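Written out below as structure tokens is the structure these notes cover.
Please treat every number below as a calculation from the coordinates, not as lab data. If you're wondering where the values come from, they're calculated on a predicted model, not measured in any experiment. Positions of Cβ are backbone-derived with ideal geometry, glycine not excepted, and every protein chain shown enters the neighbour counts.
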Amino acid sequence: MSLSPEAWNLDDAPNSVLSHEDAIGRVQWMLANHAANAPGRLVHLCLAIVNRETGRIIGWCGLDQRDASQAHPVLFYLLQAAHWGQGLATEAARAVLDYAFGQLALVRVDAAAAADNAASVRVLEKIGMRRLGRDEEGGHAFSLTRDEFLRMR
């Protein structure tokens, strides 16, 4: 897997590339967050989506609950535009949910999609998340419980 600084900018302008030292710092920060995760409790989980042919990082997928005001962990994903429409976000999100409800034994995971992001809404629907309505920012709010997830299997 390539962990070059370019992996951090995905589709951003080249001037947003991290230095090697900044990239190392971010990886260390993620590893510390991952070490704090335990069954029934999640702080942050960020996993790379890697192109099998090139070994390069093409996106991220994970869960976050660093904000104490969040009642449940939030699913997130980001993928380079060149890889959209290939089912990769759906595959990664399903794998993260499997880990969340299996290894971590979480009871519920939430997610959101921007109001104008129909592709992200489709990903969340494909993985079985239930639409709750609008979130506080006007986007689409979703949720999935462990029981709902297990019934889908």
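Assorted remarks:
- Rounded to whole Hz, the Karplus (6.51, -1.76, 1.60) HN-Hα couplings of region 34-45, x for glycine and proline: 4, 5, 7, 6, 8, x, x, 9, 10, 9, 7, 9
- Only Lys, Arg (+1) and Asp, Glu (-1) charged, at Cβ; region 58-153 dipole about Cα centre in debye: 360
- Summary value for the chain: 16 percent relative contact order, contacts being C-alpha pairs under 8 angstrom separated by 6+ residues.
- Protection-proxy order for peptides 110-122, 28-40, 76-88, each taking the mean of Cβ atoms within 10 Å per residue, highest first: 110-122, 76-88, 28-40
- The modelled label-to-label distance for the pair residue 148/residue 71, using points 7 Å beyond Cα in the direction of Cβ, is 1.3 nm.
- Along the chain, the longest continuous region that contains none of the GluC sites (Glu not before Pro) in a DSSP loop with at most 15 other C-beta atoms within 10 Å is 54-135.
- Amide hydrogen neighbours beyond the local backbone of residue 56, cut-off 5 Å, H modeled: 2, 51
- Stokes-Einstein translational diffusion, region 5-152 - Kirkwood Rh over all Cα pairs, 0.890 mPa s, 25 °C, in µm²/s: 152
- Theoretical ellipticity at 222 nm over the chain - DSSP helices of four or more residues, -39500 (n - 2.57) apiece, nearest 500: -9500 deg cm²/dmol
- Against the main long axis of the alpha-carbon atoms of the chain, helix 88-101 sits at an angle near 60°.
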